[in-house]
Amino acid sequence: MTALRSSNHSTVSLIVPLGVLGLVVILGALAATNIVVAVGVVGFGLILALAFVAPAVMLTLIVFTTAIVPFTLQNQLAGSGRGVIVSDVLLLAALIRVAPGMVVSATLDRRQRTVLVPLTAILAMVILQFVRGVASGHDVSAAGVEFRTLMGFATFLVAAPLLADETTWRQVLKGLAVTGLALGLWGLAQWVLDIRFAGEFGVREGINFTSSGRGQLQGGLYAFPVATILGFAALTCGVVRQRRHKVFVATVVVLNALCLLLTYERTFWVATAVAMGFVALRSGRASRARALLWGPAVVVVVLAGMATLAPAALGAAQERLLSLGQYANDSSVRYRLVESEHVLDQIRDRPLLGWGLGAEIVWGRPWHDVPPRAYHYSHNGYLWVAWKLGLPTALLLFGTLAAAIAWRARPSRDALVQSMHHGSQGALLLLVIASVTFPSFNSYGITATMGVLLAFCASPSDPPLRTRTPVVDTGFTAVHR
């Protein structure tokens, strides 16, 4: 046995340097012919190494780049038209790490399998619909953007195994907390620096039904309420006891709540309020009491801060809130209704298979003197998924999200575990509500985060207490001591 181990060790000692030498030779040959490709290979190799060495950091980077870094900026850094951006590379490397264990679902928790199986089918359909859309002559760029957006749900495959291990569970939580702080600061930076509206970030001029205010904050629109809800759940669980930790979490909640208010999007305001009530009701009696304390406290701090620093913005927010009863005269409501009718016509024509990614509708708004043109977009996220992927795939996605939101939290000795379960359910609930008028399912900046929220909803009870230290971790499967 000793001789066999010695032989294996000698073999490994020989293979490693030979492999490194071979890699150096290949990279040298690439550098001689195409330096850009060689640099790309080295860069991807380093990112892939990070995925194996620090998987929780990799997951944090995926959420950070999708929720905070504007897509247009990533596209410019990659070179417009190249088709591969930073978040794509990060997600690909993370998926390569978990690929060996994806097929061994027997080692997964029941709830994890309940999400994994339908989600894998959905992602497979996304790939097929991308190929189908391109083959049908749809705009390749539009199909690619939609493919990238829907593949964001694959972060569930990356996050699920990390949330079943003590060390990585805590690391993921810390990463999300830092990302939440960065998100709130990024939102305020857009507002204070008055970054003009450009695609998916900046401040868009004009606020309907208001007489003041200088525009609506757009960058982070979907992520601000999610960070608010997760922080609110952490504050009400009673586990965050140290003053510096409370201050940190409260700062994250206040910053993101303030940014949420500056979006002036009434749908997200209402959905966030519903989600906070959902989290409070799902929690225990003590947590509900803390919710009654922290909820009004956050509102008072946000309103007091705006009244002092930006009274015009606060006045605009009040007018915007009071305009909830004026939907009958809201041109944006008419816009969405007419748009939805065009999408419904497409769904009726091909209810089962959909039209494929990149499909478009052509319509105009004569009441605004806007001539007909092609649109790949729909404000109703539910209709958009059915239009592009077909009703069966759409129902599979919506059913998976509904199941995750409805699950009762398992008994846990760690209140923080339950709070993240309830907070993730609340965050998914608000995104599901918002998708009636804002397309959460086809928004690049939030689908990766939704995959992580799904993983928290399906994570085992007490992962920090019951998981043993792994010797070999291949993602979903692990050999334990």
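The values are calculated or read from the model by the stated rules, or taken from the named source; none is laboratory data. None of these values were measured; they are calculated from a predicted model. Counting neighbours? That spans all protein chains shown, and the Cβs are built from the backbone with ideal geometry, glycine included. In case anyone asks, the SASA skips ligands and DNA or RNA and just uses the protein heavy atoms, side chains included. Shrake-Rupley method; radii C 1.70, N 1.55, O 1.52, S 1.80 Å.
A quick yes/no check of all residues on (1) in contact with a Gly (Cβ under 9 Å, 6 or more places away or on another chain); (2) among the charged types (D, E, K, R); (3) closer than 29 Å to residue 257 by Cβ:
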{"residue": "316", "(1), (2), (3)": "yes, no, yes"}
{"residue": "323", "(1), (2), (3)": "no, no, yes"}
{"residue": "339", "(1), (2), (3)": "no, yes, no"}
{"residue": "352", "(1), (2), (3)": "yes, no, no"}
{"residue": "367", "(1), (2), (3)": "no, no, no"}
{"residue": "370", "(1), (2), (3)": "yes, no, no"}
{"residue": "377", "(1), (2), (3)": "no, no, yes"}
{"residue": "402", "(1), (2), (3)": "no, no, yes"}
{"residue": "405", "(1), (2), (3)": "yes, no, yes"}
> Within segment 440-463, can you find the residues that are open to solvent by 10 Å² or more (accessible area, probe 1.4 Å), modelled with pLDDT under 85 and of a type outside the set (S, T, N, Q)?
Replying inline: 462
> Counting just the residues of segment 266-276 that are open to solvent by less than 30 Å² (accessible area, probe 1.4 Å) and not polar (S, T, N, Q), which one comes out nearest to residue 405 (Cα to Cα)?
Replying inline: 275
> Counting residues that are of a type in the set (Ser, Thr, Tyr) and either open to solvent by 50 Å² or more (accessible area, probe 1.4 Å) or modelled with pLDDT under 90 (or both), which helices (runs of 4 or more DSSP H) fully inside segment 89-189 reach at least 2?
Replying inline: 110-135
> Looking at 340, 323, 287, which is the one that is in contact with a Cys (Cβ under 7 Å, 6 or more places away or on another chain) and at negative phi?
Replying inline: 287
>> Restricting to segment 304-336, name every residue that is out of contact with any helix residue (DSSP H, G or I) (no Cβ under 8 Å at 6 or more places or on another chain) and either at pLDDT 85 or above or more than 20 Å from residue 270 (Cα to Cα) (or both).
In response: 304, 308, 309, 310, 311, 312, 335
>> Return the residues of segment 278-304 that are open to solvent by less than 30 Å² (accessible area, probe 1.4 Å) and either closer than 18 Å to residue 436 by Cβ or assigned to a helix (DSSP H, G or I) (or both); say none if nothing qualifies.
In response: 279, 280, 287, 291, 295, 298, 302
> Can residue 363 be described as modelled with pLDDT under 95 and touching a strand residue (DSSP E or B) at 6+ places or on another chain (Cβ under 6 Å)?
Replying inline: yes
> Can you pull out the residues in segment 384-418 that are among the small types (Gly, Ala, Ser) and open to solvent by 10 Å² or more (accessible area, probe 1.4 Å)?
Replying inline: 399, 402, 403, 406, 409, 412, 415
>> Cβ-Cβ distance below 9 Å, separation of 6 or more or different chains: which pairs start in segment 369-387 with a residue that is closer than 17 Å to residue 334 by Cβ and end on one that is open to solvent by 40 Å² or more (accessible area, probe 1.4 Å) and of a type in the set (A, V, I, L, M)?
In response: 372/362; 375/362; 379/436; 380/436; 383/344
> Could you count how many residues in segment 354-383 are more than 22 Å from residue 222 (Cβ to Cβ) and open to solvent by 30 Å² or more (accessible area, probe 1.4 Å)?
Replying inline: 13
> How many residues does segment 22-63 contain that are at pLDDT 70 or above and not β-branched (Val, Ile, Thr)?
Replying inline: 15
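This table checks each residue for (1) farther than 16 Å from residue 446 by Cβ; (2) not polar (S, T, N, Q).
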residue	(1), (2)
139	yes, yes
153	no, yes
157	yes, yes
161	yes, yes
177	yes, yes
181	yes, yes
190	yes, no
201	no, yes
